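This report refers to the structure that appears directly beneath it.
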Amino acid sequence: MTTYIVRRILISLPIILVITVIVFLLANMMPGDAVMAMISSDSPMEADLIKLRQGQLGLDLPLYEQYGRWLGNLLKGSLGYSFQTGEPVGQMILTRIPATLELMGLSLLISVILGVFLGTISAMKQYSPMDYGLTLFGFTGISIPDFFLGMILIFIFALKLGWFPTSGMVTAGTEFSWSDNLRHLFLPALALALVRTSVFMRYTRASVLEVINEDYVRTARAKGMTERVVTVRHILRNALIPVITVIGINLTVLFAGSVIIETIFQWPGIGMMFINAIALRDSPVIMGYVLISAFVVLLANLVTDVTYSFADPRIRYE
Amino acid sequence: MTHLLEVKDLVTRFYSDGATIHAVNGISYTLDEGESLAIVGESGSGKSVGVMSIMGLIRFPPGRVEGGEVLFKGRDLLKLSPDEMRAVRGGEISMVFQDPMTSLNPVLSVGQQLMEPLRAHLGLDKAAARARAAELLSLVGLPNAAERLKDYPFQFSGGQRQRIMIAMALTCNPSLLIADEPTTALDVTIQAQIVELVKELQERLNTAIIWISHNLALVAGMVDKVIVMYSGYIIEQAPVDDLYEQPAHPYTMGLLHAIPSLDQRNQERLASIEGMPPDLRKAATACPFAPRCPYVIDRCLQEVPPLRAVGPNHTSACWRAEELRKIHNFGEEL
């Protein structure tokens, strides 16, 4: 298992490298640069100022040299400094990532629990009104983009009903408390979770339906097991194996989705940091974020594979 | 004397795509303690559905037991609550299925699966259940039983898995064991081993057995009596020797003719029964075998022949049973 994990990481390194090159080129193909974003065009000595600042940031160097510098710093363990604030990028990511993980974590928890639960009910009561209702809910959920859902949630639950705050992570000017934090977290987490819930629900339903008529399920009933034991230990235990892969793939989708949701809800995670960095052409921050996302994808795949092997003895013993 | 099992007028139907499938149409039979019975018939004759109905394993939708009684030790199983029925299933009546490759849960260890009924029905604690599980595995002839409890089904061969299924069926010393074509999916040599094993265990534990098969030759040597089913009806029932020597239904005769024998010449084709199995979507208004029967008379096409006595303990659902028994004395032919 350890050799396998190490091998997987080594294979991923060149892929990550290629991704950084592509993103670096894309970031530089965008019109304008960090300096133009910070200096007002009304300034009398605009041209000189821009030139000076570009020189300071190394933006006047050829592209390959800029990339080389970035890569050199990376090998020394530094992600560089933000063009806009001068803050070390590594530091920026470290302070913001807990917020993103909190958002992702709760979304994942909601969507997995709800998705598996509803999917199982939907399959066990196939073709019942309940199943049709859940199917409708599922297709609606899959069809609504999460940013739109986020805005609907803000409109209904924050603006009209006033049950939850519209944005932010804590109420400004108050001391940090978990209840306040969770109240802020609920709407963005829900917006992010609902699409995933629908996806997990549909996959669980299909998977349970496949297992439900297996001979070993009949064996379990013939042994006199209760419906609960039959459902949980014999049906779900088998049906969830393929769902693990779907959840794994969606970890990365969740990470990507958090960019939009964080921006809509002003959630101070790295997704919002990334959007701001793009607006300000802050390429060290953009590159830092991309590196982190590549790492997240790699980690998600690895975790999926390892979980899979624990869930299925046939793979574990190979 | 009360019987261990008494099935009376059992009717089971399936509903799919607006059609009604008449799977089992009022079958009745009895089984005494320690007795063994074979139910034979072709695919779709209702033999499996019949025993699944006894076990309460027909699920609605699509299927439902719609009539009759299943008296087991005097209690009607069809009237039991789900909880009471669960105690019977795997406790007093247990079942071995056709395909051992798919009948075991692939992600649970064999030990876990064997221990489940021990803990549920007998209330054993983990250690006791494990000890008993190992004991059962050695009983069915698996070597290194104690160590193999932690292994998963895919680590066993087909024959071994069927032995595990049998061990699982025997966990609670059932009074009735139902074997639903347990050897069909196995090699011929393994088949013989499994048959031997079941016979030996039956004698040792004095369990009554219902052995379901489409293979008349296979069951000949191991049961006391035979029921032949066709199109959801019992068409003949007799003590095993009587059935083989003097069958009283054209269908049974056809089945006996279809058994290949060793002295058959190479050029000779295997005997078969002409025609197609009946359409179960229509309720029978005539003898269901009439379209394929070489001895058909007008009466066969007008009424469903009832099952009636044609000899001691021998019943047949054929209008011409007596004539046929005189024509065909298999005892002399064989």
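The values are calculated or read from the model by the stated rules, or taken from the named source; none is laboratory data. Since the model is a prediction, treat every value here as computed from it, not as a measurement. Positions of Cβ are generated from backbone atoms using ideal geometry, with glycine treated the same way; all protein chains shown enter the neighbour counts. Surface accessibility is based on the protein's heavy atoms, side chains included, excluding ligands, DNA and RNA. Shrake-Rupley method; radii C 1.70, N 1.55, O 1.52, S 1.80 Å.
Observations on the model:
- Shielding by partners, peptide B:104-110 (average Cβ within 10 angstrom, other chains): 6
- Length gained on full extension, residue A:101 to residue A:22, computed as 0.36 nm times the residue gap minus the Cα-Cα distance: 25.8 nm.
- Label-point separation in nm, residue B:326 to residue A:37, each point 7 Å along Cα→Cβ: 10.7
- In terms of its C-alpha gyration tensor, the range B:53-169 comes out prolate, because a/c is 1.5 or above and the ratio a/b outweighs b/c.
- Ranked by the mean number of other Cβ atoms within 10 Å of their residues, highest first, the peptides A:55-62, B:253-260 come out as B:253-260, A:55-62.
- Geometric descriptor of the range A:142-194, per residue, is 69 Å³ (volume of the convex hull of the Cα atoms).
- About the Cα centre, charge dipole magnitude for the protein assembly as shown (Lys/Arg +1, Asp/Glu -1 at Cβ), debye: 1080
- Scaling against 2.2 N^0.38 Å puts the C-alpha radius of gyration of the protein assembly as shown at 1.38.
- Cleavage-rule hits (trypsin sites (Lys or Arg not before Pro)) in the range A:51-102: DSSP loop, at most 12 neighbouring Cβ within 10 angstrom: A:76
- Averaged over the residues of peptide A:212-220, the number of Cβ atoms from other protein chains lying within 10 Å of each residue's Cβ is 6.
- The range B:109-189: translational diffusion in µm²/s, Stokes-Einstein, Kirkwood Rh over Cα pairs, 4 °C, 1.567 mPa s: 100
- Ligands, DNA and RNA left out, the 1.4 Å accessible surface of chain B is 51% carbon and sulfur atoms.
- Per residue, chain A reaches -24500 deg cm²/dmol at 222 nm when only DSSP H runs of four or more residues are counted, each adding -39500 (n - 2.57).
- Extent of the range B:167-286 along its three principal axes (Cα atoms, max minus min coordinate, largest first): 44, 42, 28 Å.
- Protection proxy ranking of B:52-61, A:166-175, by the mean of other Cβ atoms within 10 Å over each peptide's residues and highest first, is B:52-61, A:166-175.
- Tensor-based shape of the range B:1-42 (alpha-carbon gyration tensor, a/c under 1.5 rounded, otherwise prolate or oblate): prolate
- Surface burial for B against A, with a 1.4 Å probe and both sides summed, reaches about 2200 Å² of accessible area.
- Oblate is the label for the range B:221-324. Its Cα gyration tensor axes, ordered a ≥ b ≥ c, give a/c of at least 1.5 and b/c at or above a/b.
- Net charge of Cβ neighbours under 15 Å - reference residue B:251; Lys, Arg +1; Asp, Glu -1: +1
- Residues of the range B:150-294: accessible area per residue with a 1.4 Å probe, Å²: 45
- Convex hull volume of the C-alpha atoms in the range A:167-223, normalised per residue: 96 Å³.
- DSSP beta bridge pairing in chain B, given as percent antiparallel to the nearest 5: 60
- The convex hull drawn around the Cα atoms of the range A:174-297, when projected onto a plane and averaged over every direction, covers 10.8 nm².
- Protection proxy ranking of A:22-34, B:172-184 - average other beta-carbon atoms within 10 Å, highest first: B:172-184, A:22-34
- Cα lying deepest toward the dipole's positive end in the protein assembly as shown, options B:4, B:39, A:5, charges on Cβ: A:5
- In order through the range A:240-251: 3J(HN,Hα) via Karplus (6.51 cos²θ - 1.76 cosθ + 1.60), integer Hz, x for Gly, Pro: 7, 4, x, 5, 4, 4, 4, 5, x, 4, 6, 4
- Its Cα centre serving as origin, the range A:46-132 has a Cβ charge dipole (Lys and Arg +1, Asp and Glu -1) of approximately 200 debye.
- For chain B, the alpha carbon convex hull comes to 157 Å³ per residue, rounded to a whole number.
- Cut-off 9 Å between beta-carbons: net charge of the residues surrounding residue B:36, Lys and Arg +1, Asp and Glu -1: 0
- Pairs beyond 28 Å (Cα-Cα), from B:73/B:225; B:47/B:73; B:79/B:126; B:73/B:126; A:223/B:79; B:79/B:199: B:79/B:126; B:73/B:126; B:79/B:199
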